[in-house]
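Before any comments, here is the structure.
The values are calculated or read from the model by the stated rules, or taken from the named source; none is laboratory data. Since the structure is predicted, the reported quantities are computational estimates derived from the model, not experimental observations. Reconstructed Cβ throughout: ideal geometry from the backbone, glycine too, with neighbour counts over all protein chains shown.
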Amino acid sequence: MSALDMEHPRYKALPKQPSIQRFFGSAPVSVAIYLIVIGMIVYGSFAGARNMGYNWQWYRIPDYIYTFTDDGFQWGEIAYGLVATLNLSFTAFVFATLLGLLIALLRLSDLIVGNAVALGFLELIRNIPLLVLLYLFYYVLGPVFGFDRYTASILTLGVFHAALISEILRAGINAVAIGQWEAAKSIGMSQGQIYRYIILPQSIRFMLPPMTGEVVHLIKSSAIVSVIAVAELTTVGRNIISDTYMSFEIWFTIAIVYMAVTLTLSVGVTYLERRYAVDH
Amino acid sequence: MRSFIRKLRWPDYLILVLLITFFGYIWYSIGGTLNYKWRWELIPGYIVGWHSGREEYFANLLLQGLTATIRISIYAGILALILGIILGVARCSPNLTVRMLARTYLEFLRNIPPVVVVFIFFFFLSQQLIDALNLARWSRGIARQDDILLWQIFFGDMRRFPSLISGVIVLALFESAFVGEIVRAGIQSIPRGQREAARSIGMSHFQELRYVVLPQALKKVVPPMANQFITLIKDSSIISLISVQELTFKTVELVASSRMIFEAWITTAAFYFIVCFGLSRVFARLEREKKTDI
Amino acid sequence: MKLTRRALGIALAAATATTIAAPAISQSATQGLSSESVIETIKQDGVIRIGLSLFVPWSMRDKNGDLIGFELDVGRQLAEDMGVEVEFVPTSWDGIIPALVAGNFDAIISGMSITAQRNLTVNFTNPYAYSGLAILANKSMTEGMSLEDYNSADVTFAARRGATPAVVIAKHFPDATLLLFDEDGAATQEVLNGNAHASMAAQPTPNREAGRNPETLHVPFANLYDPRGEAFAIRKGDPDALNFFNNWIAQQWRSGWLEERHNYWFNTEEWAGEVAQ
């Protein structure tokens, strides 16, 4: 006796939505409405800016990305700015990871002073804004140690993100099953050996997705060093704007470049998450 | 005490030595090679000053900046909460258009550096909004009146009201993306059974949200929201770049006027630290008390 | 019932999109206003809004947290003569011209030098102050040197990379060695330490540095290099405002008031007591 006998008068099929609702609810129409709304917003801002007396100069933008001169193909300032940003972010990331590893290990150890120092460092960095930290490094510690603005930016970004990365690393290390620790200890490995051969290699798969997220975060944070005129993408943008006053076009282009970089990296993150997904 | 010292091992001593060397070097070079004269005694005067003209105590630059930061953070926090809830709900909406619009807004704000967002917003929206609402004239009208103590408590110098509003709006817009994600996570963590039960007793989508899903979701996400509020206070320093008169901007002014670079920045960092750390301790205590209540 | 809600939803979306675009569309009304002079707006509102950026001694905060400085005197006198209130809008320097163009204030009075580049975006009045670069030298190292002696290979200049002094030094003293630094402060520090013979900076900075370290530094020559005028900056397309401000500035020059104020703030240190120096 089939339970779902649709012919039986007691079981009536659910009423279908009126067809006009089905039309509007369907995917293609929704996408169309979405595009219309976005279009209205974009058009509204274009028209509004023109009414403000703004003179659109989109045709000048490609020159800043690349040019064809007598010497052939040459990258423009925005491209150089992007490379500088990526350089800066990469260096800061390496520094942040090393420092973060040190802090994480200190926190995981049972050293009293070590733990206290790590905790103090973390709380201090986590409760000060990045901009204030940058000013501190550049105007206060800069003259003391004699480092220039590039070094000050690397240090600021590195220290700020080391605090965040150390938490990721610590969580990753803690995620390794405790049985691994016990087994390693029972065969007589020292603390250092356990870390090096057993724990750290296994913890990497836990750390990788959030770490890539941290890379994206760092690239976004790097824009703030433009306040001390370090060469990078946002600085290049502000310089071009101060020379040519094409504010809208430049900011739009800069935003698109950042979005392209971060979205590409996010795709990488999703891929890594899927590949390293822990299936127990 | 002796057992404490016995627990210290050689790396502890190494770290202590390194720290002492580090700070000692800083102290030595500031006093020695840089020839910097510490003027800490002037700092309290810049927090609360004795006005020589008016013969009364008044809040000076740093305190003005601190109160402005607190005001901006609270107002932006409330606005971000409202926008964030709308955004979070929109992200879970059954309507594809709404979902896509919310997703676009979210991705736009999440993938662009905060500095760039602040500048874009300021250039495009803030002046238009201020002109459209005629905010400048209205606030100046209020500033010209005599008894404006209430206004001053809530909004500070009324002549700077439009820039305060700009700062609040841009900060709220930026933070609403993150609040929206928190709310979305909260909504999606509500078991499907709740939703199905609500539907089965005939609630509409809106009623289901209002009476079943949101109360539970919001209660669940209070800890990450509290953290986000602390992040908001820190992010408020970025709006100093659009000349909103909050703590970081006031410190820049102080340094430009008096060359007390070290004292000023250390004091400001301390202010931010006290506020953020204090709040995080308060939230931690509240969370612990809430847990034991169960 | 559901259809009405759906229709309502779409209407709400359209309304939201329009509201977002509305402030932009309302610009056409504001544009009508901006074709009138800013003088009219100032008279109607009863206040002149002046944008400035803190830079000693043009404008700074005193111990009471109030704004004092040369610009403040100029602005207050201007407002008094116009019969209106004055509002000062402290703005960060690299955003000050965009803020003027956007309408955050009516004029920039902030020691802004007239340059052709800036003039493409804003209008300048006639100058209300003049300045130029002067040489700041280490006393013991440059004892008895004449101006021509500075242009030799064993003389070292220090300057900030990319700033005007660096360009001017390279132009006027091509034979001397030029060290480039990231900051003005670092360049001045080199001269103080004796690692460089001299540097260049816009007056009154050399005078004040020499005044602060009279044993080590001095300003050997009164020549000003790259002389420039500082003027009010106003939005383009406003001949009435240009005429008014120019005449006001001319009158202040004629009466000697501008010169007296400039002297007070730039050549004396009498005001130093009010600011924590």
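Do you know which of the residues in segment C:65-84 that are part of a helix (DSSP H, G or I) and free of Cβ contacts under 8 Å to residues at least 24 places away in the same chain is farthest from B:Ala256 (Cα to Cα)? Across segment C:65-84, the extreme among qualifying residues is C:Glu80. The number of residues in segment C:233-250 that are in contact with a helix residue (DSSP H, G or I) (Cβ under 7 Å, 6 or more places away or on another chain) and within 13 Å of C:Ile39 (Cβ to Cβ) comes to 7.
The condition (being crowded, with 16+ Cβ neighbours inside 10 Å, of a type in the set (A, V, I, L, M, F, W, C) and under 30 Å from C:Thr121 (Cα atoms)) is satisfied by just one residue among A:Phe248, A:Phe206: A:Phe248. Is segment B:145-165 home to any residue that is in contact with a Leu (Cβ under 8 Å, 6 or more places away or on another chain), at pLDDT 85 or above and within 27 Å of A:Phe252 (Cβ to Cβ)? Yes.
Is one or more of the residues making up segment A:154-164 away from every other protein chain (no Cβ under 12 Å) and surrounded by fewer than 17 Cβ atoms within 10 Å (Cβ to Cβ)? So far as segment A:154-164 goes, no, none of its residues is away from every other protein chain (no Cβ under 12 Å) and surrounded by fewer than 17 Cβ atoms within 10 Å (Cβ to Cβ). Taking first residues from segment B:262-286 that are at the interface with chain A (Cβ under 7 Å from one of its Cβ atoms) and partners that are among the acidic types (Asp, Glu) and surrounded by 12 or more Cβ atoms within 10 Å (Cβ to Cβ), the Cβ contacts under 8 Å between residues at least 6 apart in sequence or on separate chains come to B:Phe277/A:Glu123. Among strands (runs of 3 or more DSSP E) entirely within segment C:135-219, having at least 2 residues that are hydrophobic (A, V, I, L, M, F, W, C) and surrounded by fewer than 20 Cβ atoms within 10 Å (Cβ to Cβ) singles out C:177-181. For segment C:70-98, enumerate the residues that are facing chain B (nearest Cβ under 9 Å) and surrounded by 20 or more Cβ atoms within 10 Å (Cβ to Cβ). Those that are facing chain B (nearest Cβ under 9 Å) and surrounded by 20 or more Cβ atoms within 10 Å (Cβ to Cβ): C:Glu87, C:Val89, C:Pro90, C:Thr91, C:Gly95, C:Ile96.
Return the residue satisfying two criteria in turn: it lies in segment C:89-128 and is part of a helix (DSSP H, G or I) and at pLDDT 85 or above, and of such residues it is nearest to C:Gly229 (Cα to Cα). Restricting to residues being part of a helix (DSSP H, G or I) and at pLDDT 85 or above, the top hit is C:Asn119. Once segment C:236-277 is narrowed to residues that are of a type in the set (S, T, N, Q) and part of a helix (DSSP H, G or I), the residue that is surrounded by the most Cβ atoms within 10 Å (Cβ to Cβ) is C:Gln252. Just one residue in the set A:Val117, A:Val144, A:Val94 is within 25 Å of B:Gly278 (Cβ to Cβ) and either surrounded by fewer than 16 Cβ atoms within 10 Å (Cβ to Cβ) or of a type in the set (A, V, I, L, M) (or both); that residue is A:Val117. Could you go through segment B:218-236 and let me know if any residue there is within 11 Å of chain C (Cβ to nearest Cβ), touching a residue at least 60 places away in the same chain (Cβ under 8 Å), within 30 Å of C:Ala99 (Cβ to Cβ) and not in a loop (DSSP other than H, G, I, E, B). There is no residue in segment B:218-236 that is within 11 Å of chain C (Cβ to nearest Cβ), touching a residue at least 60 places away in the same chain (Cβ under 8 Å), within 30 Å of C:Ala99 (Cβ to Cβ) and not in a loop (DSSP other than H, G, I, E, B).
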